[in-house]
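Worksheet for the structure shown next.
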Amino acid sequence: MRLVMPRLYVILDAGLVREPAQEIARQLVEAGVRLLQYRAKNVAARETLETAKYLADLARKEGANFFVNDRPDLAYLSGADGVHVGQDDLSVEQARTILGPDRWVGVSTHNRQQFERAVASSADYVAIGPIFATTSKLNPDPVVGIELLRQLRPLTQKPIVAIGGIRLDRAAEVIEAGADSVAVISDILGAPNPAQKARQFIQRLEAAKPAAHD
Ligand code: TZP
Ligand code: MG
């Protein structure tokens, strides 16, 4: 099934949520967020699975899609729509073996070579970043900038997700440079009212003029 990416992709980082992930997820989905990921770097697998099951159910009921970060096994068991793997996780093809053809696999890349490899894989979308400086990731790769995104856009028709340091004031610019979707952690989870901030993102992103591709 082809993945149609909404322009906003919110990552629920278990270390950065200020209320339970389940509660924030409910608020975000009510605000119109259609794509969520659960990222739990320091949470035991069983607990991650329980939270992921809850979030997968919520997303299904509300017409949103839900990805689990890092762990194809937990994505499979939770009933998530897909998994997002990084360069040190199981590979796209290994994740595909676990999830099969009907669920989605997204992959993070941090430079042109990784991006080209991801394009040649069975990944359903390719993320590139950090676009701007980020504090949400431990030991982030060097900032790639908007210019690399512009250069990578013509290389694929797969959806491109831009990630890293994307705040409301620069989100539209990222879509205009070629991203199909922007993935956001801190500017939304760190806001006094995450749902309100998500609504503002959705509005700005809808108004952005995407770079031509195909
Ligand atoms: N991968 C590249 S940057 C990043 C990840 C997971 C963190 C993005 O978080 P923020 O707070 O939106 O910069
Ligand atoms: Mg990972």
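FYI, it's all coordinate maths here, none of it is from the lab. Quantities reported herein were computed from a predicted structural model and do not represent experimental measurements. Cβ placement follows ideal geometry from the backbone for every residue including glycine, while neighbour counts extend to all protein chains displayed.
For the range 187-211, residues that are part of a helix (DSSP H, G or I), surrounded by fewer than 19 Cβ atoms within 10 Å (Cβ to Cβ) and touching a residue at least 40 places away in the same chain (Cβ under 8 Å) total 5. All conditions but one from (1) touching a strand residue (DSSP E or B) at 6+ places or on another chain (Cβ under 7 Å); (2) within 16 Å of ligand 2 (Cβ to nearest atom) apply to His110; the one that does not is (1).
Please name all residue pairs, on different chains or six or more residues apart, with Cβ atoms under 7 Å, provided the first residue is in the range 106-121 and is buried (at least 16 other Cβ atoms within 10 Å of the Cβ) and the second residue is among the acidic types (Asp, Glu). Between residues of the range 106-121 that are buried (at least 16 other Cβ atoms within 10 Å of the Cβ) and residues that are among the acidic types (Asp, Glu), the close pairs are Gly106/Asp124; His110/Asp141; Ser121/Glu93. Which of the residues spanning the range 144-157 are touching a residue at least 40 places away in the same chain (Cβ under 8 Å) and among the charged types (D, E, K, R)? Hits for the range 144-157 are Arg150, Arg153. Give the residue, chosen from Asp57, Asp81, Asp70, that is farther than 21 Å from Asp187 by Cβ and within 14 Å of ligand 1 (Cβ to nearest atom). None of the other options fit; the residue is Asp70.
Residues of the range 132-158 that are surrounded by 15 or more Cβ atoms within 10 Å (Cβ to Cβ) and under 24 Å from Ala40 (Cα atoms): Phe132, Thr134, Ser136, Lys137, Pro140, Asp141, Val143. In the range 74-92, the condition of being closer than 18 Å to Pro6 by Cβ, under 15 Å from the mean Cα position of the chain (by Cα) and among the small types (Gly, Ala, Ser) is met by at least one residue.
Checking the stated criteria, Leu90 turns out to be in a loop (DSSP other than H, G, I, E, B), among the aliphatic types (A, V, I, L, M) and away from ligand 1 (no atom under 16 Å from the Cβ). Among the residues of the range 16-33, those that are under 30 Å from Lys158 (Cα atoms) and either out of contact with any helix residue (DSSP H, G or I) (no Cβ under 9 Å at 6 or more places or on another chain) or among the small types (Gly, Ala, Ser) (or both) comprise Ala21, Ala25, Ala31, Gly32. The residue that is nearest to the chain's Cα centre (by Cα), counting only those in the range 6-23 that are surrounded by fewer than 21 Cβ atoms within 10 Å (Cβ to Cβ) and of a type outside the set (Asp, Glu), is Pro6. From the list Asp141, Asp124, the lone residue that is in contact (Cβ under 8 Å) with a residue 60 or more places away in the chain and charged (D, E, K, R) is Asp124. Consider the range 166-180 and keep the residues that are over 15 Å from Leu148 (Cα atoms) and surrounded by fewer than 22 Cβ atoms within 10 Å (Cβ to Cβ). The one that is nearest to ligand 1 (Cβ to nearest atom) is Arg167. Only a single item in (1) more than 16 Å from ligand 2 (Cβ to nearest atom); (2) buried (at least 19 other Cβ atoms within 10 Å of the Cβ); (3) more than 13 Å from Arg103 (Cα to Cα) is not met by Ala56, and it is number (3).
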